[in-house]
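The values are calculated or read from the model by the stated rules, or taken from the named source; none is laboratory data. Nothing here was measured: the structure is a model prediction, and the numbers come from that model. Here the Cβ positions follow ideal geometry from the backbone for every residue, glycine too, while neighbour counts run over all protein chains shown. Each accessible area value is taken on the protein alone, full model and side chains, heavy atoms only, with ligands, DNA and RNA left out. Shrake-Rupley method; radii C 1.70, N 1.55, O 1.52, S 1.80 Å.
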Amino acid sequence: MNFCPRKLVCETTMNAMKARTSKPLLKFFGVLVLLAHILVAADSSAQTGVRKDVDQIQGTWKIVALEYNGKQAPPEIVATLKLVFKNDTLAFLPGEPGFTNYKFKLDPTTKPAGFAMTHADGVKVGNTQHGIYSLEGDRLRICFASGNKIPTVFVAGAKSAQTMYTLKREK
């Protein structure tokens, strides 16, 4: 049997390096796996929240109050305007050309919960307006701000440039 001191030194050094690096490396990969499981669970929980709110918002909602920039909408508009949520679509009825059909998305993970509606008809097709919403049983509030701003409170006071919808589920 041939004895090679150089081979022995190399193998001993490599084994020592493997022993030193494998434990931290295993810990690192263990932490990565744990983080991946946490992220999947968090995403699953967020998806459950979105699904729950999307299911609860379905149906026809009658406007109880509509305010823009501190001014109430005329009573005849409040008396006739309805919002109809079906799957991921939203329709304003009676509608106006170009301002009737939308796609909507909910994000209950933000505080307050986020609402986005994207024009599905008219000259603004594809334009998205972001806002906030609150869904409590048969009561729904949606608030939008002008431009790309997202409201932080459910108020459409004077000079706020915000629109506030207060709705009640139609039975």
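Once neighbouring chains are kept in place and the probe is 1.4 Å, which whole percent of the accessible area of the range 49-113 is contributed by carbon and sulfur?
Of all accessible area on the range 49-113, carbon and sulfur atoms account for 59 percent.
Could you check the simple spin-label distance between Ala120 and Asp88, using points 7 Å along Cα→Cβ, in nm with one decimal?
1.0
Under the rule of at least 5 residues apart or a separate chain, name every residue whose amide H is placed under 5 Å from the amide H of Phe154.
Close amide H contacts, sequence-distant or interchain: none at all.
Can you give me the accessible area per residue for the range 42-171, using a 1.4 Å probe, in Å²?
Value for the range 42-171: 57 Å² per residue.
With a ≥ b ≥ c taken as the square roots of the eigenvalues of the C-alpha gyration tensor of the range 66-169, please select rounded if a/c is under 1.5 and otherwise prolate if a/b is larger than b/c or oblate if it is not?
Rounded shape, in that the Cα axes give a/c under 1.5.
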